[in-house]
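Written below as structure tokens is the structure these notes are about.
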Amino acid sequence: MNISFNELVRGALEATDRGATVRRTALGRPYADHYTFAGVAGQPVIIFMSTSAFEPYLYLFGPTGVQIASGRGGVGGSARIPSGDGVLILPLTGIYIIEATSFDVYTQAVGQTLRPATGVYSVLLHGTAPAKPPAAPSELTASAITSQQVNLQWMDNSADWKVFEVISWDGAEWIVVRTVSAGTTAVTIADLTPETTYQFSVRAINANGTSDNAEPIEVTTDA
């Protein structure tokens, strides 16, 4: 399941859960739950796991599936990534997996008999959510005005943009034909060839990146 930044998620290790990915003991693999989040290269994070039921163990796997870090806590305590103090700097951009598991398959508290390492726990992903590119424009329409001009209009779906790029397909790639300021939702494209079909789209750009292209539309100039 997904976990959001600064969200406290409560879960439970159960005998029906999957086995841990890396952790192995003489008695088998401890039970484990997985949580996913989107991270960005250079982003600082801290992950906590707390429980009073068993000895918690955390693993973090990167977008390529490789183990990035791990952290172990004592019985009835807390595990942390990174261990000790400080923050972990994510090395890649992509989807990360937090594995919440236990140190062993069984646990034995003082005065208790040996029992499976199951029970409730909480996981906290601490950090700042990565900034996202703007949402793509939509409802793009086009109409021919003259033999050399067309009018384009679209719906703005983002409150955080800098500019819009109007793009045209040249048969091999999208070419930027006009850049307009934020808040603009219509533009006239001139100097076109009469009786020619063009394909246009538009995209939004801010400091965090470029949106997807709006659904392309075709328009044919007048004779």
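The values are calculated or read from the model by the stated rules, or taken from the named source; none is laboratory data. Keep in mind that this is a model prediction, so the values were computed, not measured. Every residue, glycine as well, gets a Cβ built from its backbone with ideal geometry; the counts of neighbours run over all protein chains shown.
Brief remarks on what is shown
- Boolean, ASP160 is acidic (Asp, Glu) and at pLDDT 90 or above: no
Per-residue answers, yes or no, for (1) surrounded by fewer than 17 Cβ atoms within 10 Å (Cβ to Cβ); (2) touching a residue at least 40 places away in the same chain (Cβ under 8 Å); (3) under 30 Å from PHE54 (Cβ atoms):
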| site | (1), (2), (3) |
| --- | --- |
| HIS126 | yes, yes, yes |
| GLU165 | no, yes, no |
| ARG178 | no, no, no |
| TYR198 | no, yes, no |
| ARG203 | no, yes, no |
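- All positions within segment 32-83 that are within 20 Å of THR128 (Cβ to Cβ) and not in a strand (DSSP E or B): VAL40, ALA41, GLY42, GLN43, GLY62, PRO63, PRO82
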